[in-house]
1. Within region 82-117, track down each residue that is in contact with a helix residue (DSSP H, G or I) (Cβ under 8 Å, 6 or more places away or on another chain), assigned to a loop (DSSP other than H, G, I, E, B) and under 23 Å from V129 (Cα atoms).
2. Go through region 198-232 and count every residue that is aliphatic (A, V, I, L, M), farther than 21 Å from P138 by Cα and surrounded by fewer than 21 Cβ atoms within 10 Å (Cβ to Cβ).
3. Quick check on my filter: what residues within region 241-261 are touching a Leu at 6+ places or on another chain (Cβ under 9 Å), more than 16 Å from Q225 (Cβ to Cβ) and not in a loop (DSSP other than H, G, I, E, B)?
4. Kindly indicate whether V169 is under 28 Å from D135 (Cα atoms) and of a type in the set (V, I, T).
5. Could you list, in sequence order, all residues of region 155-164 that are touching a Phe, Trp or Tyr at 6+ places or on another chain (Cβ under 8 Å) and open to solvent by 10 Å² or more (accessible area, probe 1.4 Å)?
6. Among the candidates E262, E245, which residue alone is more than 21 Å from the chain's Cα centre (by Cα), buried (at least 16 other Cβ atoms within 10 Å of the Cβ) and modelled with pLDDT of 95 or more?
7. Could you list, in sequence order, the residues of region 118-150 that are within 16 Å of L101 (Cβ to Cβ) and part of a strand (DSSP E or B)?
8. Take region 248-259 and flag every residue that is open to solvent by less than 70 Å² (accessible area, probe 1.4 Å), under 18 Å from D161 (Cβ atoms) and touching a Lys or Arg at 6+ places or on another chain (Cβ under 7 Å).
Amino acid sequence: MVTLPPLRDVVARHGLQASKALGQNFLFDGQLLARIAAVPGELTDAEVLEVGPGPGGLTRALLAAGARVTAVERDRRCMPALAELGSVYPGRLVVIEGDALAVDLPAQFEGKPHIVANLPYNIGTALLVGWLTTDWRPWWASATLMFQREVAERIVAKAGDDAFGRLAVLAQWRSTARIAMPVHRSAFTPPPKVMSAVVHIEPVEAPAGVAVRDLERLTAAAFGQRRKMLRQSLKGVPGALAAAEVLGIDVSRRAETVTIEEWVALARLTGGSPAA
């Protein structure tokens, strides 16, 4: 069994402090980190992508679970601590110094990795949207991601919920999304102003005949004017109102009442382009 020094000691020894500019908040609770690492299921010899490992708290838990971890970190201050961790788990940790938004992530893996990350708050949503709009089925097997609770609720929301919007449609029309666990703000150093939650997303087969760009075009128009009726918000999308009539969707409804299945059906009728 691998014995590691307490993470707080490692952070203190390297003089590390969470950077607000980089959206960092460190987690030190080993039991909590082990629970997060367990969400994707069995990780023995599995490929895992971690974005924003910081000093390596979650990285420790993933390595202890048997994963082969590729971690992308733009904060070079964290490199010595991660290098120490890699020396304890030889051949199991690859650290890439760079911006995860710019790195060719799929090229780093032999198969389909699980993504497990306490995402930097300032790029978390942008990363997720990029991962959800890739070719389907995607290059990743599952995604277990820490978000601010408000963002997590937007990802898993259902039609009729106040939080239901474009992000929910994008996350759920060809994948399943659930909140795996809440995480109290006091678990972080420094504590953020908001609560957090871990979301688990698994790809499923995409509905036939629908392109993500057509779905995005519809939802951008409708949720961009979410307080207006569909007859007003969708009038600028060619064919959308006619498609709603064919499908029996009342155009006096508002965007947040339209189910994901109805959005998919609208995109299928208004798009006419191959699914992507």
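The values are calculated or read from the model by the stated rules, or taken from the named source; none is laboratory data. Worth saying up front: this structure is predicted, and the values here are computed from it rather than measured. A quick note on method: Cβ atoms are made from the backbone with ideal geometry, for glycine too, and the neighbour counts reach across all protein chains shown. Side chains included, ligands, DNA and RNA excluded: accessible areas come from the protein's heavy atoms. Shrake-Rupley method; radii C 1.70, N 1.55, O 1.52, S 1.80 Å.
1. A100, L101
2. Our first condition is that a residue be aliphatic (A, V, I, L, M); within region 198-232, this holds for 198-199, 201, 204, 206, 208, 210-212, 215, 218, 220-222, 229-230.
Right, trim to farther than 21 Å from P138 by Cα and you get 218, 220-222, 229-230.
Checking the rest, the ones that are also surrounded by fewer than 21 Cβ atoms within 10 Å (Cβ to Cβ) come to 220-221, 229.
Of the residues in region 198-232, 3 are aliphatic (A, V, I, L, M), farther than 21 Å from P138 by Cα and surrounded by fewer than 21 Cβ atoms within 10 Å (Cβ to Cβ).
3. A242, A243, V246, L247
4. Working: under 28 Å from D135 (Cα atoms): yes; of a type in the set (V, I, T): yes.
Here the answer is yes, as V169 does meet what is asked.
5. Hit for region 155-164 is K158, nothing else.
6. Working: E245 fails: buried (at least 16 other Cβ atoms within 10 Å of the Cβ).
On inspection, the qualifying residue turns out to be E262.
7. First, the residues of region 118-150 that are within 16 Å of L101 (Cβ to Cβ): 119-134, 139-140, 143, 145.
Scanning region 118-150 gives A143, L145.
8. A255, E256
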